[in-house]
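A.B. asks: This is the structure I have questions about; it appears just below.
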Amino acid sequence: MGTEVEQGTTIDAERLAAIRADFPILAAEPAGVPLVYLDSGATSQQPRQVLDAEWAFRTGRNAAVHRGAHTLAGLATDDYEAARERIARFVGARPERLSWAMNATDALNEVGLSLAEANRAPAVDPRLRIGPGDEILITEAEHHANLLPWQRLADETGATLRWIAVDDDGVWTEADALAAITGRTRLIAIAHVSNVTGLVAPVEAIVAAARAHGALVVLDACQSVPHRPVDLDALGVDAAAFSGHKMLGPGGIGVLYLRAELGDALPPARVGGSMITTVTMTERDFLPAPQRFEAGTQPVSAIVGLAAAVDYLEGVGMAAIDAHELALGRRLAEGVTAIDGVRLVGPRPGAERAGVASVIVDGVHAHDVGQVLDAQGIAVRVGHHCAQPLHRRLGVAATTRASAYLYTTEGEVDRFLDVLAGVRDYFGAR
Amino acid sequence: MSDPLAGLYQELILEHAKRREGEGLIEPYDAERFLKNPTCGDEIRLRVRLEDGRIAALGWEGQGCSISQASASVLAEEAPGLAVADARVRIEALRELLRSRGAAEPDEQLLGDAVAFAGVARFPMRVKCAMLAWVALEEALLEAEAR
């Protein structure tokens, strides 16, 4: 981690109050009662520092980057590249390894489409070759964003899509993963932290096994980078993706991380302006990564805003945020488990799990659970959370998910637990 | 404190969600529609049989929230015996009521027990749940008539 300031190890009450005061929306009452926002796993809220940074850029330094020669264009380009360096330092990566994407879904699509493109070439780079007899390995718990690109890549290349099965709780283990990685495995794509179960993947062991078998590892870091210290270069993954809007940043900006060898070998899925060296009427040569994956004008003010979000997160300290959320995750997991007729999905309380709890309420559909919570101002996610195969395996169409972030309080978790405990009575489900 | 959800979860709705009138797939049938609400996973498979321009029988299978299941149950209770044209009028009336955000007066004469869903109009996120079975019937009627 590239923290400049020595950080505390937890977020105390005073700090938490100061943090909450930075987020204007936490004072809103959209349902006519104080908001209890427990849907940060879907999208996080933004502190005024992020909005201020975007405002300052748009009103003082906005211009097209890497194009113009005027002074303003120079200032905008400086901010743009400084943001890349800032965000790269935050995830332990060299700046040239980060390219911009719309969000993590877009970044994962870029990898899938680029690999398909590489395999259409007459002479395929051997590191990128995927074809009949090869296997792409994922888990049964993946978000659709880390499932559909690989489904399609398998369809297009003739490779076989395999997955690590989950148990009745939606959990898979390191042993399951290691048993599934073989000489036929060419690519492994997994979520670092599950958006439904909060399970933390054993990335180090998977990378080691992948290296031994010459497979690439793609990490969906959407639910890890915002919440805990992550060092992508040290993890040794080949590619990773995360979204700005889940880490206090603006919508419409995400990050694709690619190891240098992969970044310069992959043909870009999208082509166009600002990603080429020479273009003729029939030929084109691409810039190296990261620019080769950045065709067209990027959302520069959102990128500046994301850098401000990273400043904010490191100002609090990622270790402190991690500790805060793990404690809230424990409180959630233990709390829901203690309620009669409520079933917790994912690792059992006590096992490692992120600050998220998805539950099945016996006899009450998740949509109705969410409605009762919403009436008390408690915003949670109900549905399949873009993980239909996982929910099918759990035997339900939908679950109710509460997810915490640095601004979440113990009181909010307790409020959620209180209302959840009354849901079955409300619907006469007992 | 009054229950802010009382307008939504009327007694009749909670009762129908449990009773599930008309549950089961009828044979023979003239048309079948399978509809799904991708945001929440509610789904319904609905079959309809017509005789002399009237709905002779209607059956359904599905899973979802109490609103979607109760709405299918109410529909199954009310639709049999209706002329196709009358059924369409009622479907449209319910749609207008639900989209009114609470501004429209429900026509009890026309909608029967379905007026219980008037409260859903104040919860725009739930309108699709309440309409699911009714849209399935609307589409099934078109299909049956096209045969």
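The values are calculated or read from the model by the stated rules, or taken from the named source; none is laboratory data. Everything numeric in this text was worked out from a predicted model, so none of it was measured. Virtual Cβ from ideal backbone geometry, glycine too; neighbours counted across all protein chains shown.
A.B. asks: Can you tell me which of B:24, B:41 is within 13 Å of another protein chain (Cβ to nearest Cβ) and in contact with a Gly (Cβ under 8 Å, 6 or more places away or on another chain)? Outline the logic, then answer.
C.D. replies: On the way: B:24 fails: within 13 Å of another protein chain (Cβ to nearest Cβ).
It is B:41.
A.B. asks: Do we find a residue being closer than 27 Å to residue A:44 by Cα, at pLDDT 95 or above and touching a Pro at 6+ places or on another chain (Cβ under 6 Å) anywhere in the stretch A:304-314?
C.D. replies: The answer is yes; a qualifying residue exists.
A.B. asks: Go through (1) in contact with a strand residue (DSSP E or B) (Cβ under 6 Å, 6 or more places away or on another chain); (2) away from chain B (no Cβ under 14 Å); (3) β-branched (Val, Ile, Thr) for residue A:321 and report which single condition fails.
C.D. replies: (1)
A.B. asks: Let me ask you something else. Condition first: within 13 Å of chain B (Cβ to nearest Cβ) and out of contact with any strand residue (DSSP E or B) (no Cβ under 8 Å at 6 or more places or on another chain). Now tell me which residues in the stretch A:390-429 satisfy that.
C.D. replies: Those that are within 13 Å of chain B (Cβ to nearest Cβ) and out of contact with any strand residue (DSSP E or B) (no Cβ under 8 Å at 6 or more places or on another chain): A:390, A:392, A:395, A:422, A:425, A:426, A:427, A:428.
A.B. asks: Still on this model: At least 3 residues that are touching a residue at least 40 places away in the same chain (Cβ under 8 Å), of a type outside the set (D, E, K, R) and touching a helix residue (DSSP H, G or I) at 6+ places or on another chain (Cβ under 9 Å) in each: list the strands (runs of 3 or more DSSP E) lying fully within the stretch A:64-174 that qualify.
C.D. replies: A:98-101, A:135-139
A.B. asks: Let me ask you something else. Report yes if residue B:120 is in contact (Cβ under 8 Å) with a residue 60 or more places away in the chain, β-branched (Val, Ile, Thr), out of contact with any Gly (no Cβ under 8 Å at 6 or more places or on another chain) and buried (at least 18 other Cβ atoms within 10 Å of the Cβ), otherwise no. Give the derivation first.
C.D. replies: Working: in contact (Cβ under 8 Å) with a residue 60 or more places away in the chain: yes; β-branched (Val, Ile, Thr): yes; out of contact with any Gly (no Cβ under 8 Å at 6 or more places or on another chain): yes; buried (at least 18 other Cβ atoms within 10 Å of the Cβ): yes.
Yes.
A.B. asks: Pull up the stretch A:373-386, narrow it to residues that are in contact with a Ser or Thr (Cβ under 8 Å, 6 or more places away or on another chain) and either in contact (Cβ under 8 Å) with a residue 40 or more places away in the chain or more than 13 Å from chain B (Cβ to nearest Cβ) (or both), then point me to the one that is surrounded by the fewest Cβ atoms within 10 Å (Cβ to Cβ).
C.D. replies: Filtering the stretch A:373-386 for residues that are in contact with a Ser or Thr (Cβ under 8 Å, 6 or more places away or on another chain) and either in contact (Cβ under 8 Å) with a residue 40 or more places away in the chain or more than 13 Å from chain B (Cβ to nearest Cβ) (or both), the one surrounded by the fewest Cβ atoms within 10 Å (Cβ to Cβ) comes out as A:373.
A.B. asks: So residue A:370 clears everything in (1) away from every other protein chain (no Cβ under 13 Å); (2) touching a residue at least 24 places away in the same chain (Cβ under 8 Å); (3) in a helix (DSSP H, G or I) except one condition, right? Which one?
C.D. replies: The failed condition is (1).
A.B. asks: I'm trying to understand the selection: among the residues of the stretch A:246-269, which are buried (at least 16 other Cβ atoms within 10 Å of the Cβ) and among the charged types (D, E, K, R)?
C.D. replies: Listed by number, the residues that qualify are A:246, A:259.
A.B. asks: Which one is farthest from the other protein chains (Cβ to nearest Cβ), of the residues in the stretch B:44-94 that are of a type in the set (A, V, I, L, M), in a strand (DSSP E or B) and buried (at least 24 other Cβ atoms within 10 Å of the Cβ)?
C.D. replies: B:48
A.B. asks: Take the residues in the stretch A:282-336 that are assigned to a helix (DSSP H, G or I) and among the polar types (S, T, N, Q); name whichever of them is farthest from residue A:259 (Cα to Cα).
C.D. replies: Going through the qualifying residues, I end up with A:301.
A.B. asks: Based on what the data block shows, is residue A:363 surrounded by fewer than 18 Cβ atoms within 10 Å (Cβ to Cβ) and within 14 Å of another protein chain (Cβ to nearest Cβ)? First the steps, then the outcome.
C.D. replies: On the way: surrounded by fewer than 18 Cβ atoms within 10 Å (Cβ to Cβ): yes; within 14 Å of another protein chain (Cβ to nearest Cβ): yes.
When the stated conditions are applied, residue A:363 passes them.
A.B. asks: Another question about this same structure. Is it true that some residue in the stretch A:92-104 is at pLDDT 95 or above, closer than 16 Å to residue A:247 by Cα and among the polar types (S, T, N, Q)?
C.D. replies: Yes, that holds for at least one residue.
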